[in-house]
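Readers should treat all values here as calculations from the given coordinates under stated rules, not as data from a laboratory. Because the structure is predicted, anything quoted here is derived from the model rather than measured. Here Cβ is always computed from backbone atoms with ideal geometry, including for glycine, and neighbour counts include all displayed protein chains.
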Amino acid sequence: MMKRILRTLLIVLGILLAVVLIGPFLIPIPPLEGTVPPDRLGDPDSRFIDVELGGVNLKVHYKSMGNGEPVFILLHGFGASLLSWREVMAPLSQMGAVVAFDRPAFGLTERPLPGAWRGDSPYRPEAQVDLTIELMDRLSVDEAILVGNSAGGSIAMLTALGN
């Protein structure tokens with residue numbers, strides 16, 4: 001009898017746990033009202049540029065300092081943003097131009113949703129390489145020193161290797 005009660009209790013707890021963990025994914029989220037566009041959230045020195053990636057035109061948030069050569073392109077890590085570089089941008093700008101940008105899904109760069117792009121996901125490493133090169137092209141940067149932190153280091157390496 002005790003085994004049966006314990007078994008029933010475990011089944012009920014399992015069902016409750018499943019409802020708590022899976023339930024939120026089944027409830028549709030209504031469109032948010034009163035949101036502010038990213039370009040209004042940026043700092044006074046924030047810039048936005050349209051870059052084509054995977055058939056989608058993305059508005060990429062970036063900041064730049066300094067001028068001339070060399071050009072440093074700063075790539076942040078996973079779960080970060082260009083703010084990761086706020087303490088190093090000014091010192092690097094004494095040596096040349098510095099550009100830091102938010103990769104898609106981070107910071108103030110647009111986040112393309114599934115179905116919005118043609119072909120492969122813009123979140124794949126190869127797409128991030130394409131984005132870096134496209135951004136350099138749009139900013140008329142022929143050569144750059146790529147500096148990456150964490151996952152940004154992988155993107156820097158893949159970009160340098162031409163993959």
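Each peptide among 28-36, 124-132, 109-117 gets the average number of other Cβ atoms lying within 10 Å of its residues, and from highest to lowest they stand as 124-132, 109-117, 28-36.
If the chain linking I22 and M1 were pulled fully straight, counting 0.36 nm for each residue of separation and taking away their Cα-Cα distance, it would gain 4.4 nm.
Subtracting the Cα-Cα distance of L32 and E69 from 0.36 nm times their residue separation leaves 9.0 nm of extension gain. For the range 66-147, a simple Cβ point-charge model (Lys and Arg +1, Asp and Glu -1, everything else neutral) yields a dipole of about 320 debye relative to the Cα centre. Under the criterion of Cα pairs below 8 Å and six or more residues apart, the relative contact order for the chain equals 23 percent.
Local charge for L83 was computed over the other residues whose Cβ lies under 10 Å away, with Lys and Arg +1 and Asp and Glu -1, and equals -1.
Spacing of the modelled spin labels on M95 and T8, each 7 Å from Cα toward Cβ, amounts to 7.2 nm.
Think of the chain as a dipole: +1 on every Lys or Arg Cβ, -1 on every Asp or Glu Cβ, centred on the Cα centre; then among F106, G23, P125, G23 lies furthest on the positive end. Sorting the Cα pairs of the range 38-161 by distance into bins of 10 Å, from 0 upward, gives 14, 49, 33, 5, 0 percent per bin.
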